[in-house]
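Derivation of every value follows stated rules applied to the coordinates shown; laboratory data play no part. The shown structure was predicted, so the numbers you read here are calculated from the model rather than taken from an experiment.
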Amino acid sequence: MTQTAPKQRVNPAKQTKQTSAATPKTDKTEYEVSANIPEMPVGKKKKPTSLNADTPTESSNKRAKKRSAKLELNFQPLIESEMEVICSQTKFHDALSLVSCATPAKPTHPILANALIVADIETQQIYLTATDLALTIQTSFEAQVLLKGEITVPVEILFEIVKHCPNGNIYLNSQTQIAQFANDDKQTKISSLSLSDADGKYEIRGISAEEFPPTNTIDATPIPLPTTIFKDGLKGVLYAVSTDENKYILTGVHIQLAQEKLKFIGTDGHRVAITELSTQGIGRKPRKQVTSEEIMQFTLPGRVVREIARNLNDDVEFINLLYDSQSNRLGFAWQDVILSCQVVEGIYPDCEQLLAKFIFEREVILEKAPLVKALERLAVLTDKKEKGIYLQFDGNLQQLRLSIEREFGKGDQVIIAHLPAEMSLNIQFNLKYLIEAAKAIPSSGIKMHLQQSDHPAMLVPYGDRPNPELEMSMRHFLLPLYIPNS
């Protein structure tokens, strides 16, 4: 047998020491020793980098900095001071509160979240405008305008700042910084509005007024309407307007204007509200006679109706209506406010024709306050599945029993009613619809016209009214709920 010689470990450090002090003969020894060391895998050798050399990332950053430095050197800023105004905090706050109703909750473009502020030195007025493209609200108020100018700023931020400012004067100053690059012909405008009061100073970044959507002027002769008549008509039908966008035409209030008569109609398919008012003396100047074929009619968006009802004060005597049938645009103007919108397009259903086939031979007179109170108590037991309430009319006892029954509880309320002695009728309605109809009737009592359990009911005012001098006809129709096997 042959015996293998034991392998000898070699210390590289010692070997280096030995080779450095060896004679030429030791060159052979070094070769022999290194031959016994297994070869290690060697990768590609990297080129040595000097301390002053740049990596690719560092070099690209340096080139970007050089370019930006070059632009900064060629940058020539021009600052223009445009608007200088001194105004009342109360007036500014009220104007912003009004126009903010037209700003969308989720604007599709940043400019739609802004309000256009225009300072006119000739009229010494500040004009505010806000729009969501469907609804536009403009208003103005007096101010001390030192320099004219215009700018748009976010309504929400500006409103919150002005809201928390102390009572007194507010100083407004707008500036536009024009950035001009030497190697570019385009100019960049950076607008800002400075606001200061007795306690502090604020600055808001804005957008140039040139980007604000143009305001469309309605080319029509204004028709003055008595404010009391107009508001009562709107409030009488607004509750019946649909909130379902799939029934778009029903989301508005249909208005018909004829000679000395104004009609409002609202419906969601389950209920109908119709209010007719006399408009004698509708205009200060005599107008031509309007025949029944020349009725002016349009559908006003429900959102616009709510804004008018909320912002139109009772001290306003007349509200001017402007309607352009060609562009389908509608406007309302009162005092320093102009509200314009696009009418709801489509054919509104003929509710009068649909209801004409029903006959109402039975009459029931109820006091409004006890009825509303009883309905509100029973409304506690309503849920999402069951929304109905049973009405049991008893002519012998001269009473109306209101009852509701659910899995988790039940309730009954009895109120006095004036009805024919032989009348006995059971009918079921949507509780929410019945409450809203009763509250919308502006009288101390309610007259309910009925026929049978599968026919609608008609509610009309009865008794004292807040404005007895107004000639008003109000009708509210409720469709009954279907009761299987009843």
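Values as computed for the structure displayed
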read-out	value
Contact order normalised by residue count of region 358-478, Cα under 8 Å, 6+ apart, percent	29 percent
Descending Cα extents along the principal axes, region 223-342, whole Å	42, 34, 27
Cα gyration tensor, region 204-264 - rounded (a/c under 1.5), prolate or oblate	oblate
Rg(Cα) / (2.2 N^0.38 Å) computed for region 160-234, rounded to two decimals	1.85
18 Å Cα-Cα threshold exceeded, pairs from Lys373/Lys439; Lys247/Lys432; Lys387/Lys410; Lys368/Lys432	Lys247/Lys432
Amide H within-cut-off set for Phe298, under 5 Å, with H built and near neighbours excluded	Ile255
Amide H contacts of Met423 (H built 1.01 Å from N, under 5 Å, at least 5 apart or other chain)	Gly395
Part-to-part distance (alpha-carbon centres) for region 318-346 and region 232-249, which is given in Å	18 Å
Rg [Å, one decimal], Dmax [Å, integer] - region 78-211, C-alpha atoms	14.8, 49
Cross-link table Lys235/Lys384; Lys231/Lys261; Lys106/Lys263; Lys106/Lys148, entries beyond 24 Å C-alpha to C-alpha	Lys235/Lys384; Lys106/Lys263; Lys106/Lys148
Projected-area average for region 358-478 over all orientations - Cα convex hull basis, square nanometres	7.7 nm²
